[in-house]
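K.L.:
Structure below; questions to follow.
The values are calculated or read from the model by the stated rules, or taken from the named source; none is laboratory data. Keep in mind that what you see is a predicted model, and the values were worked out from it rather than measured. As a convention, Cβ positions derive from the backbone with ideal geometry for all residues, glycine included, and neighbour counts pool all protein chains shown. In case anyone asks, the SASA skips ligands and DNA or RNA and just uses the protein heavy atoms, side chains included. Shrake-Rupley method; radii C 1.70, N 1.55, O 1.52, S 1.80 Å.
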Amino acid sequence: TARHKGKNQIEFFDPEQMEKAQQRLSEENDILMALDRNDFAIWLQPQVDLSTGRVKSAEALLRMRQADGSWELPEGLIDRIESCGLIVAVGHWVLEESCRLLSAWQSRGIMMPLSVNLSALQLMHPTMVTELLELIHRFRIRPDTLFLEVTESRRIDDPNEAVAILRPLRNAGLRIALDDFGMGYAGLRQLQHMKTLPVDVLKIDKTFVDGLPDDSSLVQAIIQMAHSLQLGIIAEGIETEAQREWLATAGVEFGQGYLFAKAVPVDLFERRYLDPDGHQGND
Ligand code: C2E
Ligand code: MG
Ligand code: MG
Ligand code: MG
């Protein structure tokens with residue numbers, strides 16, 4: 001095949017390569033069109049106080065309009081958006097929508113915080129920090145109402161690099177949550193650096209919550225670590241009352257999961273969880 005030829009040979013006649021390039025282009029085109037046609041949306045999943053059940057905050061989750069009119073995050077879509085190089089554009093759109101929403105709430109006196117997912121590629125983009133600070137400024141939002149959910153990743157395995165990116169954001173008042181905590185590849189090596197990472201909250205991954213209440217030793221260890229580092233904790237993927245009860249008793253303040261609610265469109269979230277007087281909703 002073409003691979004065996006020299007470096008400057010006509011490699012793009014390799015049909016396999018050609019097909020891949022075409023797939024990439026059409027994927028890229030689909031995503032650009034979706035952005036253009038407003039076929040992306042953020043939906044909100046409530047994050048609740050585990051002892052009172054009150055909704056305290058929300059996570060913004062990306063959804064895309066499907067051919068049948070439903071809204072979903074198709075399996076693997078984020079990965080495909082990353083590999084065709086559009087994660088920075090889509091990620092910026094998500095951040096802008098989230099800031100717009102926070103700004104609308106705050107002008108009504110609603111201080112409910114919002115969590116937004118950032119991909120590692122987006123986080124490492126050279127203009128990410130300035131663009132995000134510009135959004136905060138432009139929409140005049142209270143920075144401590146925006147939580148950035150970052151996942152540990154091979155791509156930011158250099159803790160110094162992660163610190164260099166997260167520090168100015170946190171100094172500006174934004175909050176940082178470590179998403180899918182416990183799932184990362186770095187394992188113990190990462191724990192060593194937890195003390196230096198500018199992080200406010202650990203999100204316990206659903207995989208660990210799934211094992212509760214029977215299989216609790218890992219969750220127990222994560223909770224102890226979070227407490228000793230004085231980090232907040234939120235548990236994700238809570239589906240049963242037994243899980244909620246175990247977590248609340250173990251001192252986990254917040255959680256999210258289908259036991260409480262799935263992600264819903266913004267207008268539905270507002271009707272359900274924000275009261276019309278502009279105060280934070282109670283359920
Ligand atoms: P994540 O940030 O860990 O989000 C949690 C996922 O678990 C969400 O799936 C949510 O709908 C789902 N979930 C929440 N509670 C439960 C539960 O009780 N049971 C079950 N089975 N699932 C639950 P979703 O919306 O499909 O998102 C999947 C992942 O895609 C997210 O994981 C996040 O990593 C990524 N993602 C979503 N939106 C964005 C975005 O705007 N930007 C980036 N970069 N990534 C995003
Ligand atoms: Mg998340
Ligand atoms: Mg998560
Ligand atoms: Mg997860």
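K.L.:
Which one is nearest to ligand 4 (Cβ to nearest atom), of the residues in segment 70-84 that are over 17 Å from Leu118 (Cα atoms) and of a type outside the set (Gly, Ala, Ser)?
P.N.:
The first filter runs over segment 70-84 and keeps only residues over 17 Å from Leu118 (Cα atoms), leaving 70-72, 74-75.
Filter once more, so that each one left must be of a type outside the set (Gly, Ala, Ser): 71-72, 74-75.
Details: Trp71: 20, Glu72: 17, Pro74: 17, Glu75: 14 Å.
Looking at residues that are over 17 Å from Leu118 (Cα atoms) and of a type outside the set (Gly, Ala, Ser), I get Glu75.
K.L.:
State the number of residues belonging to segment 102-122 that are open to solvent by 20 Å² or more (accessible area, probe 1.4 Å) and either of a type outside the set (A, V, I, L, M, F, W, C) or away from ligand 2 (no atom under 16 Å from the Cβ) (or both). Steps first, answer last, please.
P.N.:
Taking segment 102-122 as the starting set, the residues that turn out to be open to solvent by 20 Å² or more (accessible area, probe 1.4 Å) are 103-104, 106-109, 111, 113, 117, 121.
Cutting the leftovers down to either of a type outside the set (A, V, I, L, M, F, W, C) or away from ligand 2 (no atom under 16 Å from the Cβ) (or both) gives us 103-104, 106-109, 111, 113, 117.
Here the count works out to 9.
K.L.:
Within the group Val199, Val252, which residue is modelled with pLDDT under 95 and buried (at least 20 other Cβ atoms within 10 Å of the Cβ)?
P.N.:
Val199
K.L.:
Okay, next question. Restricting the search to segment 44-65, which residues are open to solvent by 50 Å² or more (accessible area, probe 1.4 Å) and within 22 Å of the chain's Cα centre (by Cα)? Reasoning before the result, please.
P.N.:
Of the residues in segment 44-65, the ones open to solvent by 50 Å² or more (accessible area, probe 1.4 Å) are 51-52, 54, 56, 65.
Correct list: Arg54, Lys56, Arg65.
K.L.:
Please go through segment 49-74 and pick out each residue that is within 16 Å of ligand 2 (Cβ to nearest atom) and among the acidic types (Asp, Glu).
P.N.:
Glu59
K.L.:
I'd like the full set of residues that are farther than 20 Å from Leu148 by Cα and either touching a residue at least 60 places away in the same chain (Cβ under 8 Å) or touching a strand residue (DSSP E or B) at 6+ places or on another chain (Cβ under 8 Å) (or both), limited to segment 228-240.
P.N.:
Taking segment 228-240 first, the residues farther than 20 Å from Leu148 by Cα are 228, 238-240.
Matches in segment 228-240: Ile238 only.
K.L.:
Right, another one. Applying the selection to segment 241-271, what residues are in a loop (DSSP other than H, G, I, E, B) and in contact (Cβ under 8 Å) with a residue 24 or more places away in the chain?
P.N.:
Result: Ala250, Gly251, Val252, Glu253, Gly257, Phe260, Ala261, Lys262, Ala263.
K.L.:
When segment 202-227 is examined, which residues are found to be free of Cβ contacts under 8 Å to residues at least 24 places away in the same chain and more than 15 Å from ligand 1 (Cβ to nearest atom)? Explain how you work it out, then say what you get.
P.N.:
Kept after step one, since they are free of Cβ contacts under 8 Å to residues at least 24 places away in the same chain, are these residues of segment 202-227: 211, 214-215, 217, 221, 224.
Hits for segment 202-227 are Asp214, Asp215, Ser217, Ala221, Gln224.
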